[in-house]
1. Does the range 433-446 contain any residue that is out of contact with any Lys or Arg (no Cβ under 7 Å at 6 or more places or on another chain) and among the basic types (Lys, Arg)?
2. In this structure, does GLY93 turn out to be surrounded by fewer than 19 Cβ atoms within 10 Å (Cβ to Cβ) and among the small types (Gly, Ala, Ser)?
3. Looking at the range 351-362 only, could you name the residues that are exposed (fewer than 11 other Cβ atoms within 10 Å of the Cβ) and either assigned to a helix (DSSP H, G or I) or at pLDDT 85 or above (or both)?
4. All but one of (1) farther than 27 Å from MET735 by Cβ; (2) crowded, with 16+ Cβ neighbours inside 10 Å; (3) at pLDDT 85 or above; (4) not small (Gly, Ala, Ser) hold for LEU488, so report the exception by its number.
5. Go through the range 117-135 and give me each residue that's more than 17 Å from ARG63 (Cα to Cα) and either among the charged types (D, E, K, R) or in a loop (DSSP other than H, G, I, E, B) (or both).
6. If TRP663 satisfies every condition in (1) surrounded by fewer than 20 Cβ atoms within 10 Å (Cβ to Cβ); (2) away from the ligand (no atom under 16 Å from the Cβ); (3) within 30 Å of GLU455 (Cα to Cα); (4) at pLDDT below 90 but one, which is the exception?
7. Among (1) closer than 21 Å to GLY89 by Cα; (2) of a type outside the set (Ser, Thr, Tyr); (3) touching a Pro at 6+ places or on another chain (Cβ under 7 Å), where does HIS43 come up short?
Amino acid sequence: MGLVGYLSFKNGEKAVQNLAAQLINRTSSGVDRHLDSYLTIPHQINQINADAVRMGLLDTRDRETVGKYFWHQMQAYDMSYIGLDFATGGGAGATSYDGKTVTIDHSEIKTPSLEKNLTTYSTDNYGNRTKILATGTWDNLNEISYTEPVKAGKPIWTRIYTYYDPAYPPYIVASAGRPVYDINKKLLGVVGVDIHLLKLSEFLRTLDVSHYGQVFIMERDGMLVANSSQEQPFTIVNNEIKRLKATESFNPVVQGIAKQFQQSIPDLNSITNTQKLDIKYQGKKYYVHVTPWRDPYGLNWLVITSVRESTFMAQIDANTQTTILLCFAALVVAIGGGILTSRWIISPILRLNQASQAIAAGDLEQKINKSNIQEFNILARSFNQMAEQLRESFTALEQNNIELEKRVEERTAQLQQAKEVAEIANRTKSEFLANMNHELRTPLNGILGYAQILEHDRATTPKQMKGLGVIHQCGSHLLTLINDILDLSKLEVQKMELYPQDFHLENFLSSTVDMCRIKAEQKGVDFRYQPASNLPVAVHADDKRLRQVLLNLLSNAIKFTDVGSVSFRVESAGKSSEFGAAQRIRFKIKDTGIGIVSEKLSTIFLPFEQAGKGDRNSEGTGLGLAIGQQIILKMGSEIQVESVLGEGSTFWFEVDLLLALDWMREDAIADRKIIGYQGKRLKILVIDDRTENRLVIINMLEPLGFQVTEAENGQAGLDVAVQMLPDLIITDIHMPIMDGLEMTRCLRQLPDFATAPIIASPATLSQVDIKKSLDAGCNSFFPKPIEFTELLNLLQQHLELQWIYEEMEPDVIQITDSKSHEVSMVMPPAEELAALYTAAEGGFISDIHREADRLKQLAPEYIVFANRVLELSQNFDEEAIIRLIEPLL
Ligand code: ADP
């Protein structure tokens, strides 16, 4: 409706504009026509009169008749003046000053004697002069109404002429003049007609347009000629008529329009054809046409026709208001209707909505009632059906659920059972592995321990020494196998753990290298160990695992190389990118051996994978690289390999090793053989349920001068410890009656044992055990099988021992260690040596041995002496023994 209203408004506006344009056009042309016809009359009259004069029809000598003639003409034409000025001077004419009565003017030739040459007569109804009304002076030959037509030599408009006499209405006329010539072109005079311009204004006022606009005529200089408004186009100042410009008009609309259009067209002379303007004045719009009007006699005017838009638009505007009101009414009705309709439709939908929400919330007992909307009823029926089906499905589902739950419960129970079985199996497996580990390590502890003890025994002959070497080597190999299998089972359950500790890198590397060098030399393979000079002194890492990896890589390299060389390069690969106080170390093992086929390169790191063929493989298990790779992965890196078949292989890896900055110990125990220690005899208590384990330690330590006491379980250990107050305790963890940890806890309660060093030494190696032992109060953790040198290191650490080394040949001493202290041989007192002397004299070797051992037990400082005695007796050099002790006796 709004749109229709708008369109009809626009159409109306357009129609009005057309109509206005037409009206203006018509009005302008009406004005044109009127001006044409009205303003030709004076010239026609002049022509008639001129012809009458020239043809002699009018006797110019009879001025009275001439005046009467003009009087009659005045009756016929609505003019203000019709007359004749003679070339000889003087003239005659009829005038209507008030527009009603006609008077006759008669003027003689002006002479000095005749000052008042003009006489005005009133007339009767026949044009006869009745009486003199006024006399005056009129110098017609010098008036422009005469001079200008003569000058032009043709009919012209002379000027717009004004004359004011308060007795009469204002006289404002346009004067038409025409010179009259005889046949000889001699000027006879000038005929003239004045036409009153107020008549033009009156005409304009009669036009229709003047009711809803303004029409006015003006000269090109802007002077108003006539207008349709009630206000006159002139004003009277000091008894004189003053013409007004259109812009000064007393009619505000005329003035406003004139000003506005003069603003848009400042030069009025430039207007040659009709101009159409839309002018806004006082908030109202006017359609304005400016049309030029000319005549052949010199008039050049502008006719301005203006129409107020609102005159036409008023009705349309009123209509528009009505339309807007109707629109609003329609809107209100539509909204009301809409609300009512939507309520009518929505209320059943709301019911449906509530019902579906209830269903969604689980309340399936929903039914929708009928309403008076047919479409909704269809929907309601479907909904009810759906709800019904849902109820049925839910019931079925619930039953299914119950059944399913039952089945799940059954299955869960079965699974639980299976899980328990599996767990038991797994536990059994773990227990088995732990037991195996324990069981295998214990005898190995005996084997390896005694091999080491015997290796250190001076009485061992070189041949036995060789045999012991074989036992030691086989035992070690067996230990490696056990460790590998254990590692693998740990790998499978992802339980491989690292036990980092501080260690001296250079010593670590050189001892590792030493283990392999001999094998290489035996095979005739050149072995090159190239440690870089900028390696850190000590690092914090799991040295055993690192050694395991390096040994595997090195022994593989040696194993798979027959000619050429194996090189082992260790260098710094810069600062660690992850840890601050750490260094990245690159280990690179390169050989010139058989190489590996490229398709096998990726599989050799898998367990039980062996790339080569033949007898070489029989030496290995195919586990080494798999375990090594896992270890290095644990250390945050990876073993890489490059190999060319037939040319050789390179294995390398880089690991970030934390720097052990507070590394104080110099290399604890040099290569030299320890035979005792300085200071008082120290008491050591060994607690282990296995006799062989106890014996290993006793036999390792007693020859060095320690007083070792044993106990077979925690309880016994506790008792012995309280009695003897040992300086250090070495205890197994798992024992009957009371285990080592319990015993440690009890000991720590006693003031004597608050700080005494206790070393836990189980036959198993696990992080849990380490933690448990340290928590229970142990100072160190030292798993079996016992490694002799490491045990000594540990003792030195806890007891702050000063070792006494076996004296070596001077040159050997120089080569191996120039720094080591010269050990002076302390001789026992004479009374302790008597028995030894007797035995030596008698040549009783076993007595000599017994005495030497007794002396060792007596005080550690005699160990050097006792060992010297043993050495001499092994060479059956009793003479030398006697020479050694004789000076003291
Ligand atoms: P193994 O106990 O058999 O040595 P490893 O896991 O240490 O087990 O090695 C797996 C396989 O990788 C070896 O059997 C061998 O075929 C190959 N391999 C390892 N290192 C070398 C090497 N340096 N040169 C050639 N082959 C090698």
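1. From the range 433-446, those out of contact with any Lys or Arg (no Cβ under 7 Å at 6 or more places or on another chain) are 433-440, 443-444, 446; that's our starting set.
Imposing the further condition that a residue be among the basic types (Lys, Arg) reduces the set to none.
Among the residues of the range 433-446, not one is out of contact with any Lys or Arg (no Cβ under 7 Å at 6 or more places or on another chain) and among the basic types (Lys, Arg), which makes the answer no.
2. Working: surrounded by fewer than 19 Cβ atoms within 10 Å (Cβ to Cβ): no; among the small types (Gly, Ala, Ser): yes.
Judged against the criteria, GLY93 is not a match.
3. Filtering the range 351-362 down to residues exposed (fewer than 11 other Cβ atoms within 10 Å of the Cβ) leaves 360-362.
If the condition is that a residue be exposed (fewer than 11 other Cβ atoms within 10 Å of the Cβ) and either assigned to a helix (DSSP H, G or I) or at pLDDT 85 or above (or both), then ALA360, ALA361 are the ones that fit.
4. All conditions are met except number (3).
5. Residues of the range 117-135 more than 17 Å from ARG63 (Cα to Cα): 124-125, 133-134.
Of everything in the range 117-135, those that are more than 17 Å from ARG63 (Cα to Cα) and either among the charged types (D, E, K, R) or in a loop (DSSP other than H, G, I, E, B) (or both) turn out to be ASP124, ASN125.
6. Tallying (1) surrounded by fewer than 20 Cβ atoms within 10 Å (Cβ to Cβ); (2) away from the ligand (no atom under 16 Å from the Cβ); (3) within 30 Å of GLU455 (Cα to Cα); (4) at pLDDT below 90, TRP663 fails exactly one: (3).
7. Against the list (1) closer than 21 Å to GLY89 by Cα; (2) of a type outside the set (Ser, Thr, Tyr); (3) touching a Pro at 6+ places or on another chain (Cβ under 7 Å), HIS43 comes up short only on (1).
Conditions tested, residue by residue: (1) out of contact with any Phe, Trp or Tyr (no Cβ under 7 Å at 6 or more places or on another chain); (2) of a type outside the set (D, E, K, R).
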residue: SER306; (1), (2): no, yes
residue: SER310; (1), (2): yes, yes
residue: GLN315; (1), (2): yes, yes
residue: LEU340; (1), (2): yes, yes
residue: LEU352; (1), (2): no, yes
residue: GLN357; (1), (2): yes, yes
residue: ALA361; (1), (2): yes, yes
residue: LYS370; (1), (2): yes, no
residue: LEU390; (1), (2): yes, yes
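The values are calculated or read from the model by the stated rules, or taken from the named source; none is laboratory data. If you're wondering where the values come from, they're calculated on a predicted model, not measured in any experiment. Every residue, glycine as well, gets a Cβ built from its backbone with ideal geometry; the counts of neighbours run over all protein chains shown.
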